[in-house]
Amino acid sequence: MNPAYLFIVIFSFPFFLFSQSQTDNRYKWQNSDAIIEIINGKTDQAIDYFQQFLKTHPGDLESYYGLALAYTQKQDYEKALEYVKTGVEEGLPLARFIAGPRNLFQPLVTQKAFKVFAEGHYTPIIHGPLMGNFTDKQASFWIRTDKQRKIFLSINDQKKAFSARTLQETDFTTLITAENLQPNTTYQYKLGTASNPNLEEGSFTTFPETGKPASFQIGFGGGAGYTLQYERMWDTLLTHPLTAFFLMGDNVYIDQPEYPEIQDYCYYRRQSRPEFRRFTRSVPVFSIYDDHDFGKDDCYGGTSIHTPAWKVPVWEKFTHQYANPYYGGGKENPGCYYHFSIADVDFFMLDTRFYRTNGKDKIKPDTMLGEVQKQWLFDQLKASTATFKVIGTSVPISSGTKPGNAGNDTWDGFSEDREELFSFIEKNKIEGVFFVAADRHRSDAWKTNRKNGYPFYEFMSSRLTNNHTHPVMPNSLFGYNKTPSFGLLEFDTTSKDPKVIYRIFNIENEEIHQMTVYKTELSFPGK
């Protein structure tokens, strides 16, 4: 096996049959396993699994989806359509079958009977809009359509609309960007086709003026496994006046880097949920991936760009799901890292998987970021004049966030890289740096004291919708893991001593903890 390859765990079909509690805990994965059976031609086994699952979980929407897919592969289109109809009647969006994976569902959706039933059950925009790539003067909208289409974006009912075309090579997605907008201004928008310009509508607010002091709120979190009873988290988030939201990794849970159809399935499942669509059409979203969306648990990609062979295709598929400002260094240096600004705060989002080496072996030196990304981060930090500089990392940078040898998956396994970053900040007197992270299934706060500079604070949250929890660690400032939760950062850089307030809210919208960090705490004496 190539040493750069990640550790692979294969779940065999008999492992599907779980108790109630086990089933709930791994719901984000289990149907993916059955769909792999369908892809591999074992449709009867998958049918048996889904039928058995429905006996103990009546009305399970993913089982209807799986049965429709299985019977499509058996070319029993009449039976497949029966499960489509049942699923739609129970609340499954018809767009799930239109989206696909298209190579699997195409034989069904081209049937005349399916077309007759589908009439009126979906609109040409089947996923999105998902807003992102905002600045003080622009706003982008990501969408996926049923087929290649030209989509128009109208702002404040202006006659001149922005437009873009969805393409098959980007999985029928596109980004439409409205430009020449005013800072900190609320606009009404409409998205649609030439014949129906009002397919989607809503409002958005541009970012405060770049480089100028402002007050604003950012939400963030990871660990968003598909768990039906917790999908309401996206509605909880909508109750807060968020300027933007950061998906910090493990956003959908795929764990199948060599099965593009499973990657599609996991993305489409979330993108079709009405709660998620309500959220993303109202709040700009910025995202990075972690192990469960990039490869498998605790994976490492290695320094070679094209080894393992699945790395670039997985990255490309990720770029088709969001509206980030950019994606690493493009095809020459792929990755999910990028930077952007809100007011006088700069954000630097990292890719901790694509280039990381195996921190557990004896081959040294290890790297978390790879040389190109690390130099990019150093250059961006050194050039920044922002009041606060926020580094987003999918895995925690503080020591002791994960117990025992398992901690090697965090920056604890790359302590030399971590020290190099900390020392670079101190050597160059870069003030106002703190970290936000995910990965651990809880929300907490950490403080790393330093001899040669100010303490590094880290705010972490990664149980947006997950069932499974991780214990609160004794060395954290505080932590919470009882129910799904998210982090909220409230910036105020207009005061004499700019500050950021970190708050933890649970899915019931109860505030659990809070703390305030002032700019003077993140400064060097005498500077």
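The table that follows gives values for the structure above.
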read-out: Qualifying residues in region 412-426 (those that are touching a Gly at 6+ places or on another chain (Cβ under 6 Å) and of a type outside the set (A, V, I, L, M, F, W, C)) - the one surrounded by the most Cβ atoms within 10 Å (Cβ to Cβ); value: GLY413
read-out: Residue match in region 245-252 (condition: among the small types (Gly, Ala, Ser), at pLDDT 95 or above and out of contact with any helix residue (DSSP H, G or I) (no Cβ under 9 Å at 6 or more places or on another chain)); value: no
read-out: Tabulated pairs, region 235-249, first more than 15 Å from ALA323 (Cα to Cα), second of a type in the set (Lys, Arg) and at pLDDT 95 or above, C-beta under 7 angstrom, 6+ apart or interchain; value: ASP235/ARG278; LEU238/ARG278
read-out: Residues satisfying the stated conditions in region 101-112, i.e. surrounded by 19 or more Cβ atoms within 10 Å (Cβ to Cβ) and not in a helix (DSSP H, G or I); value: PRO101
read-out: Region 358-385: number of residues that are in contact with a strand residue (DSSP E or B) (Cβ under 6 Å, 6 or more places away or on another chain) and of a type in the set (S, T, N, Q); value: 2
read-out: Criterion: at pLDDT below 95, over 30 Å from ALA68 (Cβ atoms) and either out of contact with any helix residue (DSSP H, G or I) (no Cβ under 8 Å at 6 or more places or on another chain) or in the same structural domain as SER384 (by TED's automatic domain parsing) (or both) - qualifying residue of ALA214, ALA309, ALA194; value: ALA194
read-out: Selection status of PHE162, crowded, with 19+ Cβ neighbours inside 10 Å and over 15 Å from SER203 (Cα atoms); value: yes
read-out: Pick from region 196-240, criterion within 17 Å of the chain's Cα centre (by Cα) and assigned to a strand (DSSP E or B), ranking: surrounded by the most Cβ atoms within 10 Å (Cβ to Cβ); value: GLY221
read-out: Filtered residues of region 305-324 (kept if part of a helix (DSSP H, G or I) and in contact (Cβ under 8 Å) with a residue 40 or more places away in the chain); value: LYS311, PRO313, VAL314, LYS317
read-out: Test for ASN475: is it in the same structural domain as GLY219 (by TED's automatic domain parsing), of a type outside the set (A, V, I, L, M, F, W, C), closer than 22 Å to GLY407 by Cα and surrounded by fewer than 17 Cβ atoms within 10 Å (Cβ to Cβ); value: yes
read-out: Residue ID - nearest to TYR327 (Cα to Cα), chosen from residues in region 360-410 that are of a type in the set (S, T, N, Q) and assigned to a helix (DSSP H, G or I); value: GLN373
read-out: Region 466-498: number of residues that are within 30 Å of PRO208 (Cβ to Cβ) and outside any strand (DSSP E or B); value: 8
read-out: Any hit, region 479-493, residues being of a type outside the set (Phe, Trp, Tyr), in contact with a Phe, Trp or Tyr (Cβ under 7 Å, 6 or more places away or on another chain) and surrounded by fewer than 15 Cβ atoms within 10 Å (Cβ to Cβ); value: no
read-out: In region 339-355, residue farthest from the chain's Cα centre (by Cα) [restricted to those that are buried (at least 23 other Cβ atoms within 10 Å of the Cβ) and of a type in the set (Ser, Thr, Tyr)]; value: TYR355
read-out: Residue ranges of strands (runs of 3 or more DSSP E) in region 121-176 with at least 2 members outside the structural domain of PRO274 (by TED's automatic domain parsing) and among the hydroxyl-bearing types (Ser, Thr, Tyr); value: 139-145
read-out: Complete set of residues in region 494-527 that are of a type in the set (Asp, Glu), more than 29 Å from the chain's Cα centre (by Cα) and either over 22 Å from GLY479 (Cβ atoms) or loosely packed, with under 13 Cβ neighbours inside 10 Å (or both); value: ASP497
read-out: Filtered residue count, region 241-292, keeping only those that are assigned to a loop (DSSP other than H, G, I, E, B) and either in contact with a Ser or Thr (Cβ under 7 Å, 6 or more places away or on another chain) or under 24 Å from SER341 (Cβ atoms) (or both); value: 15
read-out: In region 170-217, the residues that are under 18 Å from LYS137 (Cα atoms) and among the polar types (S, T, N, Q); value: THR177, ASN180, GLN182, ASN184, THR185, THR186, GLN188, SER203, THR205, THR206, THR210, SER215
read-out: Single condition GLN168 does not satisfy, out of (1) closer than 20 Å to HIS320 by Cβ; (2) surrounded by 11 or more Cβ atoms within 10 Å (Cβ to Cβ); value: (2)
read-out: Any hit, region 146-167, residues being polar (S, T, N, Q), modelled with pLDDT under 95 and over 30 Å from ASP60 (Cβ atoms); value: yes
read-out: Top-ranked residue of region 495-519 - restricted to ones that are β-branched (Val, Ile, Thr) and touching a Lys or Arg at 6+ places or on another chain (Cβ under 9 Å), ranked as nearest to VAL283 (Cα to Cα); value: ILE507
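The values are calculated or read from the model by the stated rules, or taken from the named source; none is laboratory data. Everything numeric here is computed off the predicted structure, so don't read it as measured data. For neighbour counting, all protein chains shown are included, and Cβ atoms are generated from backbone atoms with ideal geometry for every residue, glycine included.
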